[in-house]
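K.L.:
One structure, pasted below without further comment.
The values are calculated or read from the model by the stated rules, or taken from the named source; none is laboratory data. None of these values were measured; they are calculated from a predicted model. Heads up, the Cβs are rebuilt from the backbone with ideal geometry, glycines too, and the neighbour counts pull from every protein chain shown.
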Amino acid sequence: MKRKLSAVIALLLIIILILAACSEPKEEGLEGKSEKVRIVLDWTPNTNHTGLYVAEEKGFFRERGIDVEILQPPEGGAEMLVGGGGAEFGISFQDYMAPNFASDNPMPFTAVAAIIQHNTSGIISLKEKGIDRPAKLAGHKYATWDLPVEKAIINKIVTDDGGRFEDIQLIPSTVTDVVTALQTDIDAVWVYYAWDGIATKVKNLETNFLNFADYGFELDYYNPVIIVNDDYAKNNTETVKKTLEAIKEGYEFAIENPDEAANILLQAAPELDEEIVKESQKWLAGQYKAEVEQWGYIDQDRWDAFYSWLFENNLIEKEIPKGTGFTNQYLPE
């Protein structure tokens, strides 16, 4: 009898365990069923990255079986880490990528999506300085990173406008606080408008902004972009597509819900200025896709035009073949 009773109890326990297991909610992306994907940023978190944090918070990665980890960039930059296999994806800029594609031994990474459709960088100055066109930079102090591409772009827009690049006072300076810098003896600074340009607006500074894309088709290059390790993409095509699907959903959510998206970014990076984040997010809602229907799309004519201009101006060692460095093949429709 004791043996029979023990058998019955054991059977009941097994049935209870089976029922409990069946009653647990099934969710894609649980441990053991998910693909680990690392995405390394180009800089500290900001509104260029909002779609990533939205996709993580809203479960868009998890729904597709992706276990994502968002990494801060190493000293060598995202390109080195992704090219070396230390991360599958990263954030980069078309100009940063150029030397790699012009080298004899390029690292294996490719741009697979444009986060923002157009180049939103340019030169900002206080309105009182009167720099409302490139030629008027002459005679003013510009905070330079002293980079060849940077100076060549400024030279182009100033010269094309009838000014003299030689008359600009180049002040070597790594500006980290544009709002403060513009209230010193610095007259003009290169900024990405979505962040530093919006910051000047939030802080009630009246400014002039010279948007590079307005001064030449070849200057409307892509920044920032999402890059992927080539070997990883070749061997994990479906995972790359699913990852970009989740990211696309994150950015499209940010387009439709900029205030909520801003709050999600602030949760991930509470050290950011809330007012700047919210105003930047509203502005970028119209920039992520701009006029195109497909988020992430990269136009080959614009991509090639910038690299051709770099070569023509001796800013890269050799010519980059047309179509090199990007692909739209992994983008979701």
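K.L.:
Of the residues Ile198, Ile255, Ile227, which is surrounded by 20 or more Cβ atoms within 10 Å (Cβ to Cβ), assigned by TED's automatic domain parsing to the domain that holds Gly51 and of a type in the set (A, V, I, L, M, F, W, C)?
P.N.:
Numbers: Ile198 fails: assigned by TED's automatic domain parsing to the domain that holds Gly51; Ile255 fails: surrounded by 20 or more Cβ atoms within 10 Å (Cβ to Cβ).
Answer to the selection: Ile227.
K.L.:
Here is a follow-up. Restricting the search to region 306-331, which residues are under 24 Å from Gln294 (Cβ atoms) and assigned by TED's automatic domain parsing to the domain that holds Asn100?
P.N.:
If the condition is that a residue be under 24 Å from Gln294 (Cβ atoms) and assigned by TED's automatic domain parsing to the domain that holds Asn100, then Phe306, Tyr307 are the ones that fit.
K.L.:
Would it be correct to say that Leu244 is touching a Pro at 6+ places or on another chain (Cβ under 8 Å), in the same structural domain as Trp295 (by TED's automatic domain parsing), surrounded by 22 or more Cβ atoms within 10 Å (Cβ to Cβ) and at negative phi?
P.N.:
Numbers: touching a Pro at 6+ places or on another chain (Cβ under 8 Å): yes; in the same structural domain as Trp295 (by TED's automatic domain parsing): yes; surrounded by 22 or more Cβ atoms within 10 Å (Cβ to Cβ): no; at negative phi: yes.
No; evaluated as a whole, the condition is false for this residue.
K.L.:
Oh, and also: Exactly one of (1) assigned to a loop (DSSP other than H, G, I, E, B); (2) within 24 Å of Arg302 (Cβ to Cβ) is unmet by Lys151. Its number?
P.N.:
Here Lys151 meets the rest and fails (1).
K.L.:
Residue under question is Ser103, and the condition is that it be at negative phi and buried (at least 23 other Cβ atoms within 10 Å of the Cβ); does it hold?
P.N.:
Spelling it out, it is not the case that Ser103 is at negative phi and buried (at least 23 other Cβ atoms within 10 Å of the Cβ).
Conditions tested, residue by residue: (1) in contact with a Gly (Cβ under 6 Å, 6 or more places away or on another chain); (2) outside the structural domain of Ile255 (by TED's automatic domain parsing); (3) under 14 Å from Ile247 (Cα atoms).
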{"position": "Asn48", "(1), (2), (3)": "no, no, yes"}
{"position": "Val54", "(1), (2), (3)": "yes, no, yes"}
{"position": "Glu57", "(1), (2), (3)": "no, no, yes"}
{"position": "Pro74", "(1), (2), (3)": "no, no, no"}
{"position": "Gly83", "(1), (2), (3)": "no, no, no"}
{"position": "Gly86", "(1), (2), (3)": "no, no, no"}
{"position": "Gly90", "(1), (2), (3)": "no, no, yes"}
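K.L.:
Here's a follow-up. Which of (1) surrounded by 15 or more Cβ atoms within 10 Å (Cβ to Cβ); (2) modelled with pLDDT under 95 does Ala111 not meet, given it meets every other one?
P.N.:
All conditions are met except number (2).
K.L.:
A further question on this structure: When you check Ala254 against the structure, is it more than 25 Å from Glu88 (Cα to Cα) and in contact with a helix residue (DSSP H, G or I) (Cβ under 6 Å, 6 or more places away or on another chain), yes or no?
P.N.:
no
K.L.:
Please find, within region 279-325, the residue that is nearest to Val54 (Cα to Cα) out of those that are polar (S, T, N, Q) and in contact with a helix residue (DSSP H, G or I) (Cβ under 6 Å, 6 or more places away or on another chain).
P.N.:
Ranking the qualifying residues of region 279-325, first place goes to Gln281.
K.L.:
Consider region 134-146. How many of its residues are farther than 20 Å from Lys203 by Cβ and under 28 Å from the mean Cα position of the chain (by Cα)? Please lay out each step first, then the result.
P.N.:
Residues of region 134-146 that are farther than 20 Å from Lys203 by Cβ, as a first pass: 134-142, 144-146.
Next cut, under 28 Å from the mean Cα position of the chain (by Cα) only: 134, 142, 144-146.
The number of residues fulfilling the criteria is 5.
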